[in-house]
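The values are calculated or read from the model by the stated rules, or taken from the named source; none is laboratory data. Computed from a predicted structure; not experimentally measured. Using ideal geometry, Cβ is built from the backbone for each residue, glycine included, and neighbour counts are taken over all protein chains shown.
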Amino acid sequence: MSSAIAIRPRSVSELVDAAFQVLRAGYAQYVMLMGLAYVPWLVIIMLTSRSLLTGTATGTAGIGRSFVLMLGGLIWFSIIDGAMTVAASQGYLGQRVDVGTAFGRAFSQLGALIGAAIARGVLIFVGFILLFAPGLYFLARYAVAPAAVVIERAGMFGSLGRSSTLTNGLKWHVLKTLLLVWVIYLVLSMALAAMAGGLVAGGGLGAAGTVRYFMLMQIVSAIFTILVYPLVSIVQTLLYYDLRIRKEAYDIELMASGLGGPPSQAA
């Protein structure tokens, strides 16, 4: 099946626009995938957060539990990003978005996904702590490592090296793309949080600062994440392909193989 979206190099705004097109074309599948992946994590978050809020986990235990939660989130979202990347790749290349295949590919590369996520996270964290700019550098350099893991099966170290190669000379392009999609995501998130907070407090469902209020806001946040986060993953996937097109003429390779359609297709 040919893609309705031209496979070609794109500017930052064009990448985000193309991601919206991919998202609309298979929105139900992306939301289903995100829901199946995120709901178990939501349960873990709510159970853990409740003990922290009610004071049953304090001192060293509370700090330790918070650290484990942060590490768990890094690992969990590496799996989510892996599965979403496979689904986004299917959508972008005009294939049927298959949730089962997406999860299967992500779990088959589980070790590499987690290893790459931890390595990236540590480098970016240390970079931001030191001088901030190194954090941005590492963020751009290893931005497409997850895609290299699940699409190319490059392994943990191979994916980091592959991302370094693809982003070489294009880090500003990568950063601007990531900045734009995260600004969109965060603005929508803050707007929803403000509205939801007002409705929860105004409706007498829970006063701000209470455990019930926090739990309800967690549920609202989860719904938002399930409905909107796929856009972030799709942009990151399209960015990976954009880098391959710019570096390796991947669009020509797809045309030669009969995939991706002619350059004259609708953008």
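Among the listed residues L192, L199, identify the single one that is crowded, with 16+ Cβ neighbours inside 10 Å, at pLDDT below 90 and not polar (S, T, N, Q).
None of the others qualify; the one that does is L192.
One residue is enough: does region 97-104 have a residue meeting the conditions small (G, A, S) and at pLDDT below 85?
Scanning region 97-104 turns up no residue that is small (G, A, S) and at pLDDT below 85.
Taking the residues in region 211-248 that are of a type in the set (S, T, N, Q) and closer than 24 Å to T48 by Cα as candidates, determine which candidate is surrounded by the most Cβ atoms within 10 Å (Cβ to Cβ).
T225
Determine whether region 155-170 contains at least one residue that is touching a residue at least 60 places away in the same chain (Cβ under 8 Å), surrounded by fewer than 22 Cβ atoms within 10 Å (Cβ to Cβ), on the phi > 0 side of the Ramachandran plot and out of contact with any Lys or Arg (no Cβ under 6 Å at 6 or more places or on another chain).
No, there is no match, as no residue in region 155-170 is touching a residue at least 60 places away in the same chain (Cβ under 8 Å), surrounded by fewer than 22 Cβ atoms within 10 Å (Cβ to Cβ), on the phi > 0 side of the Ramachandran plot and out of contact with any Lys or Arg (no Cβ under 6 Å at 6 or more places or on another chain).
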